[in-house]
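J.: Mind having a look at this structure? Questions to follow.
The values are calculated or read from the model by the stated rules, or taken from the named source; none is laboratory data. Every value quoted in this text rests on a predicted model; they were computed, and no experiment measured them. Backbone-built Cβ (ideal geometry, glycine too); neighbour counts: all protein chains shown. Heavy atoms of the whole protein, side chains included, go into the accessibility calculation; ligands, DNA and RNA do not. Shrake-Rupley method; radii C 1.70, N 1.55, O 1.52, S 1.80 Å.
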Amino acid sequence: AQSVTQPDIHITVSEGASLELRCNYSYGATPYLFWYVQSPGQGLQLLLKYFSGDTLVQGIKGFEAEFKRSQSSFNLRKPSVHWSDAAEYFCAVGAIGVTGGGNKLTFGTGTQLKVEL
Amino acid sequence: DSGVTQTPKHLITATGQRVTLRCSPRSGDLSVYWYQQSLDQGLQFLIQYYNGEERAKGNILERFSAQQFPDLHSELNLSSLELGDSALYFCASSVDLLAGRAFEQFFGPGTRLTVL
């Protein structure tokens with residue numbers, strides 16, 4: 001079965017600093033990979049997605065992520081963090097061909113980002 | 001705003017009771033998904049419907065059931081509620097079953113259920 005690991009539960013960065021949130025996945029074939037952001041009391045907003053092709057994908061709000069098959073990783077990056085980026089970030093994998101799996105997303109446990117002014 | 005609507009936003013009820021959560025997908029989306037978010041379990045897939053038919057089941061308890069109606073809205077029914085059912089319940093929708101597009105899911109704001 002597919003799984004997602006986000007090794008960092010909490011990360012604190014200063015405003016203006018760069019950010020990298022780690023995500024590792026486990027799946028036998030090429031996965032569909034996503035990053036979502038959840039602000040307090042809000043739903044999940046899709047930041048970016050990887051289906052195939054270029055391994056560096058751009059998303060909204062200045063975020064990007066790089067798919068590295070050899071490392072089974074899909075890390076999220078932002079060159080300069082803004083205070084409004086403080087939120088919880090979830091990495092997710094969608095896996096086709098899983099018996100009975102439909103089109104479910106499997107989520108990591110999330111990384112809480114705190115931004116210091 | 002994702003275009004997915006969920007009602008109610010908050011629900012407070014007692015153990016043993018039954019509640020119904022409602023979801024309207026984005027216009028044109030045929031698939032609806034239900035997820036549960038709790039502190040101890042994280043975000044867990046419950047069930048998926050596509051155009052009225054059940055497509056996949058996840059870690060959904062037997063006390064929980066769902067359906068998708070002809071107008072494509074969906075309801076999640078939770079019965080014999082226990083304290084541990086307190087969680088945020090999300091509905092998501094996607095346009096169809098094609099690989100890639102099917103996994104691109106848009107989430108509603110959630111219903112926060114508190115069982116006392």
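J.: Quick one: which residue in B:SER79, B:SER86 is more than 24 Å from A:GLN45 (Cα to Cα) and surrounded by 15 or more Cβ atoms within 10 Å (Cβ to Cβ)?
T.: Result of the check over B:SER79, B:SER86: B:SER79.
J.: Exactly one of (1) in contact with a helix residue (DSSP H, G or I) (Cβ under 9 Å, 6 or more places away or on another chain); (2) open to solvent by less than 90 Å² (accessible area, probe 1.4 Å) is unmet by B:GLN48. Its number?
T.: The one condition B:GLN48 does not meet is (1).
J.: Sort out which residues of region B:33-45 are in contact with a strand residue (DSSP E or B) (Cβ under 9 Å, 6 or more places away or on another chain) and either open to solvent by 70 Å² or more (accessible area, probe 1.4 Å) or in a loop (DSSP other than H, G, I, E, B) (or both), and write them in order of number. Steps first, please.
T.: As a first pass, look at region B:33-45 and keep what is in contact with a strand residue (DSSP E or B) (Cβ under 9 Å, 6 or more places away or on another chain): B:33-39, B:41-45.
Scanning region B:33-45 gives B:LEU39, B:GLN41.
For every residue, the table says whether it meets (1) open to solvent by 10 Å² or more (accessible area, probe 1.4 Å); (2) modelled with pLDDT under 95; (3) hydrophobic (A, V, I, L, M, F, W, C); (4) under 14 Å from B:THR111 (Cα atoms).
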site	(1), (2), (3), (4)
B:ASP1	yes, yes, no, no
B:VAL4	no, no, yes, yes
B:LYS9	yes, no, no, yes
B:ALA14	yes, no, yes, no
B:THR20	yes, no, no, yes
B:CYS23	no, no, yes, yes
B:SER31	no, yes, no, no
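J.: List the residue pairs whose Cβ atoms are under 8 Å apart, where the first residue sits in region A:32-53 and is away from chain B (no Cβ under 11 Å), the second is open to solvent by 10 Å² or more (accessible area, probe 1.4 Å) and among the small types (Gly, Ala, Ser), and the two are 6 or more positions apart or on different chains.
T.: Note: pairs meeting the criteria are A:TRP35/A:GLY59; A:LEU47/A:GLY59.
J.: For B:LEU113, are the conditions met, namely being at pLDDT 90 or above, within 14 Å of chain A (Cβ to nearest Cβ) and in a strand (DSSP E or B)?
T.: Judged against the criteria, B:LEU113 is not a match.
J.: Okay, moving on. Against the condition open to solvent by 50 Å² or more (accessible area, probe 1.4 Å) and more than 11 Å from chain A (Cβ to nearest Cβ), how does B:SER27 come out, does it pass? Reasoning before the result, please.
T.: On the way: open to solvent by 50 Å² or more (accessible area, probe 1.4 Å): yes; more than 11 Å from chain A (Cβ to nearest Cβ): yes.
Yes, satisfied.
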